[in-house]
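All remarks here apply to the structure that follows.
The values are calculated or read from the model by the stated rules, or taken from the named source; none is laboratory data. No experiment lies behind these values; they were computed from the predicted model shown. Counting neighbours? That spans all protein chains shown, and the Cβs are built from the backbone with ideal geometry, glycine included. Side chains included, ligands, DNA and RNA excluded: accessible areas come from the protein's heavy atoms. Shrake-Rupley method; radii C 1.70, N 1.55, O 1.52, S 1.80 Å.
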Amino acid sequence: ADGATGADGAPAPAPLDVPAELGVLLLRVGVSVFMFHNGLDKLQDPEGFAKFVVAEHLSFLPEPLLWTYAAAAAELVCPVALALGVFARPAAFALFSTMGLAVAFHIHDTGLEGFPLAVVEAHQYGFETAGLYALAFLYFVCAGPGRFSISGGK
C-alpha cells in the first residue's frame, strides 16, 4: 500500500483541508436554508400548487395534493438533516428527486427555452434554479456532508 496506516493497519485518515471543508459546510447549510423556504412556500397554498403544478404538469403522479405535501415535507425535514449532516445522503437524495420533478415541471411549462445558448427575456431559464439545486444535492448524494458535520463526513 502506498498510504500511511494506523497502529491497527487501517488507512490513516486524510489530513483535514479546512478551506475545502468550510466551503462544503457553507454550501450544505446555504442550499438547505434556501430549500427550507421552498417547503414553507408550498404550505402557503398547497391546493393551488397541487392543482396548477402537480396535476397540470406532472400528471403521471397520482393524488396531486398528497405529492404536494410530500414535497413540502421533504423540503422542510431533509434540509435540516442535510444542514446538520445526519442522514445527509438520503436527505440529499430526497431533495435531488424533488428538484428533478421541479425541473420536469418547468420544462413541461416553458420548454427548454433555447438551452444552452439562448438569452431569454427573464435572464434565466425557467428550470435553471431547480437545476442548480438538483446539482448541489447530487453532489451531497455522491460526496456526503463533509467532515464539518455531525456524522463527520460519513
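Quick one: accessible surface of Tyr69, probe radius 1.4 Å, all protein chains present, in square angstrom to the nearest 10.
Here the residue's solvent-accessible area equals roughly 100 Å².
Could you tell me the center-to-center distance, by alpha carbons, between the stretch 1-64 and the stretch 104-154 in angstrom?
Measuring centre to centre over Cα atoms gives 11 Å.
Calculate one ³J(HN,Hα) per residue across the stretch 77-92 by plugging θ = phi - 60° into the Karplus curve 6.51 cos²θ - 1.76 cosθ + 1.60, and present them in order as whole Hz with x for glycine and proline.
Computed from phi, the couplings for the stretch 77-92 are 8, 5, x, 5, 4, 5, 4, 7, x, 10, 6, 5, 5, x, 5, 5 Hz.
For the stretch 68-149, what relative contact order do you get, as a whole percent, if you take Cα pairs closer than 8 Å and at least 6 residues apart?
Details: 75 pairs, mean separation 32.6, N = 82.
Normalised by residue count, the contact order of the stretch 68-149 is 40 percent.
Have a look at Leu58, Pro46, Thr5 and report the one farthest towards the positive end of the charge dipole of the chain, computed about the Cα centre with Cβ charges (Lys/Arg +1, Asp/Glu -1).
Positive-end residue among those listed: Thr5.
Just the Kirkwood number for the chain, please: inverse of mean 1/r across all distinct Cα pairs, in Å, one decimal.
On the way: mean 1/r = 0.0582 Å⁻¹.
Averaging 1/r across every pair of different Cα atoms and inverting gives 17.2 Å.
Run lengths n ≥ 4 of DSSP H only: what is the helix-derived mean residue ellipticity at 222 nm for the chain, with -39500 (n - 2.57) per run over all residues, to the nearest 500?
-19500 deg cm²/dmol
With a ≥ b ≥ c the root eigenvalues of the C-alpha gyration tensor of the stretch 13-102, is it rounded (a/c under 1.5), prolate (a/b larger than b/c) or oblate? Spell out each step's value before the answer.
Working: a/c = 3.21, a/b = 2.57, b/c = 1.25.
It comes out prolate by the Cα gyration axes.
What does the charge dipole of the chain about its Cα centre add up to, to the nearest 20 debye, if the Cβ of each Lys and Arg holds +1 and the Cβ of each Asp and Glu holds -1?
About 420 debye.
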